[in-house]
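The values are calculated or read from the model by the stated rules, or taken from the named source; none is laboratory data. This is a predicted model, so every value here is computed, not measured. Cβ coordinates were reconstructed from backbone atoms using ideal geometry, including for glycine residues, and neighbour counts include every protein chain displayed. Note: accessible area is taken over every heavy atom of the protein model, side chains too, but ligands, DNA and RNA are not part of it. Shrake-Rupley method; radii C 1.70, N 1.55, O 1.52, S 1.80 Å.
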Amino acid sequence: MSKTAVKIDREFTKRIADKSGVDFSACYQCLKCSAGCPVAEITDSSPAHMIRNVILGLKDEALASDFIWLCVGCETCKTRCPQDISARRVVDALKEMALEEDREVAEPNVALLYKHFLNIIRARGRMNEPLLMAHYKWGTKDFASDRDLGIQMLKKGKIKYSGKIKDTGTMRKIIGEAR
């Protein structure tokens, strides 16, 4: 029988709790969050499994999971949770930590989109879809695969340019980056 050493990081649990505002002691692993998760079947994890990894201090496992990049943020987990725990907030904290630590991520294109999305919000105070698409396409170096769809969306007014807001400080407070 092979024994594998598991690295447990208690400080990691505390950092994620602080970043997400989630009280992990309330979770008793009823699995209701995972039962309704629309992406749990197509990812390597589930909301309950991800939260369990954080509770146990399994930092490497939590940050390497593709679940954190494929979570759609629908909050079904929170709606079903008898303790009102938001796995989405934990996912956001894990994404942030993975990017801060420059970790190799399971879904690099999703991570790239997320990173550009946040940078545009930080800089402009609101989303600018054409700018997001330009940054994302430049980052992936895939300029033509969905060009026709993009043109159709522009023609139908589905992609709109929005300017910069004057007070980006309010938006920074909302996303937790008050200065």
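How far is it, in nm, from the label point at residue 39 to the one at residue 103 when both lie 7 Å from their Cα along the line to the Cβ? Taking the two extended label points, one gets 1.4 nm. A Förster distance of 35 Å, applied to the separation of the beta-carbon atoms of residue 167 and residue 7, puts the FRET efficiency at 0.20. Largest accessible area first, the listed residues 129, 11 line up as 11, 129 when surface is computed with a 1.4 Å probe on the assembled protein chains. Of the two radii for the stretch 4-45, the radius of gyration is 1.05 times the Kirkwood radius, both from the alpha carbons; that is the Rg over Rh value. Taking the helices alone, the chain has a mean residue ellipticity at 222 nm of -15500 deg cm²/dmol, built from -39,500 (n - 2.57) per DSSP H run of at least 4 residues and averaged over all its residues.
Surface analysis of the chain yields an accessible area of 63 Å² per residue, using protein heavy atoms and a 1.4 Å probe.
For a straight C-alpha distance cut-off of 21 angstrom, the lysines reachable from residue 160 (same-chain residues fewer than eight places away being disregarded) are 115, 137. The listed residues 16, 55 rank as 55, 16 when sorted by accessible area, largest first, using a 1.4 Å probe. Residue separation of residue 25 and residue 129 scaled by 0.36 nm, minus their Cα-Cα distance, works out to 33.5 nm of gained length. Taking each residue as 0.36 nm, the span from residue 74 to residue 160 lengthens on full extension beyond its C-alpha to C-alpha distance by 28.6 nm.
Computed over protein heavy atoms with a 1.4 Å probe, the carbon and sulfur contribution to the accessible area of the stretch 12-161 reaches 54%. Among the lysines of the stretch 1-103, pairs at least eight places apart or on separate chains and with Cα atoms under 21 Å apart come to 12.
Computed with a 1.4 Å probe on the full set of protein chains, the accessible area for residue 158 sits at about 130 Å².
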